[in-house]
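Peer 1: Structure below; questions to follow.
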Amino acid sequence: MRFRLILGLLSFWVLFLYSYGFAHKVNLFVFREGEKVSGEGYFANGAPCMKCAIEVYTLKGKKLTQTTTDEKGRFEVRIKEREPLLVRLIAGEGHLAEEKLEGSIEVASNDKTKENITKKERVDLQNKKDVESMKITNSKNVEIDREMLKVVVKEVISEELVSFKGNFLELKKDLNRVRFQDIIGGIGYIIGILGLLAMLKARKEKG
Amino acid sequence: MHISEGVLSPPVLITGWGLTLIGLTISLKKLSTRKIPEVAVLSSAFFIASLIHVPIGPSAAHLVLNGMVGILLGWNSFVAIFLGLLLQALFFQFGGFTTLGINTFNMAFPGVVSYYLFKRFIGRKNHKLSFISGFLAGFLSMLGAGFFTALSLYLTERNFLILCETLIIAHIPIAVVEGLVTGFIVVYLLKIKPEVFKDEV
């Protein structure tokens, strides 16, 4: 009776402790914008991969930099090289995720100018000057500084992309989650493969 | 417990495949047609067990059930665990195909050792002793899998003590849970289907 009681208590504890979730497969999501390489590491259940090592390599295997993820599993590094990169997330205990990044087309970064006024203001100023000169000379060949235009467009796109990146990451997390049909499919495969083995063994035993 | 692709050095991967192929050969030779349905059920249980995680502090660990598979199947656990791991790699990208050999050995071998250590104490007459044997099989198989995983990583990384600390000490709580689950299953099977413990493998 006492033994049964202990078993009952232990089973309650086990059921209390358990929650159905997902194993420790680690995933990596990386973005590259100019010199900035940022991303997020997370486990299959969407939990952040905290304080995990991040290493950035060239495709030839040269290590460029390393860092660790923060408490939200995020990281950000600056890479000056334009070539394609390989980002590795090392979660320990043999868990690793890798992601390749295309080479950056342009190295122009937001830190390019060090003036007190912002780039947007500078472009506005430049545009004003252009309009003024246009009025004065009435010339048709107005040229806006290409570099400045790129910086401004980039800033606006970056702002717009924040929500898109968030949605994209959520979508990627959803895709990485274990689906019920995969579990059923896996069990089906096991039964199928072993059924085939049983058939072969039975034939061998008959023959 | 599932070592990912790209972590281990080629000699470790080749050794893992070699050991697993030896285990699979013995397993397939010993496997009788009558035992195949049991292997299928336990392989399916192993396949799903990794999806059940237990929160341990800020992290979480998942069940392996290699002790339960080992104590019920003996050498046949190599076939069950190999199939389970192959499908986990295929469907969920747990572990990997190059590491399939070493992962199979790391999880199946402690189960086989448990079979030879504890199977003899499991019987209908003494449920308490059977529960304790089941518990120890689950507990030690889990820690054994942690030890072999640490050893595999050490042969590539050379920081064995830190790995052992992470993989074994951190897995003690989940090993306790695993031991309890195995103990319960052993006692339950003794009540409803005691003949599963009679088969020699």
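The values are calculated or read from the model by the stated rules, or taken from the named source; none is laboratory data. In this text, all values refer to a predicted model and were calculated from it rather than measured experimentally. Neighbour counts run over all protein chains shown; Cβ positions are idealised from the backbone, glycine included.
Peer 1: Could you tell me how many of the residues in the stretch A:161-207 are closer than 17 Å to A:G41 by Cα, surrounded by 13 or more Cβ atoms within 10 Å (Cβ to Cβ) and more than 10 Å from chain B (Cβ to nearest Cβ)?
Peer 2: 5
Peer 1: Among A:Y42, A:Y57, which is the only one that is outside the structural domain of A:E170 (by TED's automatic domain parsing), under 16 Å from B:S4 (Cβ atoms) and touching a residue at least 24 places away in the same chain (Cβ under 8 Å)?
Peer 2: Values: A:Y57 fails: under 16 Å from B:S4 (Cβ atoms).
Unique residue meeting the criteria: A:Y42.
Peer 1: Further question on the same structure: Do the conditions hold for B:L87, that is, is it within 14 Å of another protein chain (Cβ to nearest Cβ), crowded, with 21+ Cβ neighbours inside 10 Å and within 17 Å of B:I48 (Cβ to Cβ)?
Peer 2: Values: within 14 Å of another protein chain (Cβ to nearest Cβ): yes; crowded, with 21+ Cβ neighbours inside 10 Å: yes; within 17 Å of B:I48 (Cβ to Cβ): yes.
Against the criterion (within 14 Å of another protein chain (Cβ to nearest Cβ), crowded, with 21+ Cβ neighbours inside 10 Å and within 17 Å of B:I48 (Cβ to Cβ)), B:L87 qualifies.
Peer 1: Also, I was wondering about something else. All but one of (1) in a helix (DSSP H, G or I); (2) under 20 Å from B:S43 (Cβ atoms) hold for A:V156; which doesn't?
Peer 2: Failing condition for A:V156: (2).
Peer 1: Can you tell me how many residues in the stretch B:1-20 are in a helix (DSSP H, G or I), within 13 Å of chain A (Cβ to nearest Cβ) and surrounded by fewer than 17 Cβ atoms within 10 Å (Cβ to Cβ)? Spell out how you get there, then give the answer.
Peer 2: First pass over the stretch B:1-20, keeping only residues in a helix (DSSP H, G or I): B:10-20.
Checking which are within 13 Å of chain A (Cβ to nearest Cβ) leaves us with B:12-13, B:16.
Then drop every residue that is not surrounded by fewer than 17 Cβ atoms within 10 Å (Cβ to Cβ), which leaves none.
The total comes to 0.
Peer 1: Related question: Please work out if B:I26 is over 17 Å from B:L153 (Cα atoms), in a helix (DSSP H, G or I), at pLDDT below 90 and in contact with a helix residue (DSSP H, G or I) (Cβ under 8 Å, 6 or more places away or on another chain).
Peer 2: Values: over 17 Å from B:L153 (Cα atoms): yes; in a helix (DSSP H, G or I): yes; at pLDDT below 90: no; in contact with a helix residue (DSSP H, G or I) (Cβ under 8 Å, 6 or more places away or on another chain): yes.
For B:I26, the condition - over 17 Å from B:L153 (Cα atoms), in a helix (DSSP H, G or I), at pLDDT below 90 and in contact with a helix residue (DSSP H, G or I) (Cβ under 8 Å, 6 or more places away or on another chain) - is not met.
Peer 1: Please count how many residues of the stretch A:152-202 are among the acidic types (D, E) and under 18 Å from B:S50 (Cβ atoms). Don't jump to the end; show me each part of the working.
Peer 2: Within the stretch A:152-202, the subset among the acidic types (D, E) is A:155, A:159-160, A:170, A:174, A:182.
Adding the requirement that they be under 18 Å from B:S50 (Cβ atoms) leaves A:182.
Looking only at that region, the number is 1.
Peer 1: Using the structure shown, decide if B:L63 is more than 7 Å from chain A (Cβ to nearest Cβ) and either without any contact (Cβ under 8 Å) to a residue 60 or more places away in the chain or among the aliphatic types (A, V, I, L, M) (or both). Quick ask: steps written out before the conclusion?
Peer 2: Details: more than 7 Å from chain A (Cβ to nearest Cβ): yes; either without any contact (Cβ under 8 Å) to a residue 60 or more places away in the chain or among the aliphatic types (A, V, I, L, M) (or both): yes.
The answer is yes for B:L63.
Peer 1: Report yes if some residue within the stretch B:106-120 is out of contact with any strand residue (DSSP E or B) (no Cβ under 9 Å at 6 or more places or on another chain), within 14 Å of another protein chain (Cβ to nearest Cβ) and not in a helix (DSSP H, G or I); otherwise report no.
Peer 2: Within the stretch B:106-120, the first condition is being out of contact with any strand residue (DSSP E or B) (no Cβ under 9 Å at 6 or more places or on another chain), and the residues that meet it are B:106-120.
After this cut, where a residue has to be within 14 Å of another protein chain (Cβ to nearest Cβ) as well, the list is B:106-107.
Of the ones still in play, those that are also not in a helix (DSSP H, G or I) are none.
Scanning the stretch B:106-120 turns up no residue that is out of contact with any strand residue (DSSP E or B) (no Cβ under 9 Å at 6 or more places or on another chain), within 14 Å of another protein chain (Cβ to nearest Cβ) and not in a helix (DSSP H, G or I).
Peer 1: Of the residues that make up the stretch B:69-80, is at least one surrounded by fewer than 21 Cβ atoms within 10 Å (Cβ to Cβ) and in a helix (DSSP H, G or I)?
Peer 2: Initially, the stretch B:69-80 is screened for residues surrounded by fewer than 21 Cβ atoms within 10 Å (Cβ to Cβ), giving none.
No, because not a single residue in the stretch B:69-80 is surrounded by fewer than 21 Cβ atoms within 10 Å (Cβ to Cβ) and in a helix (DSSP H, G or I).
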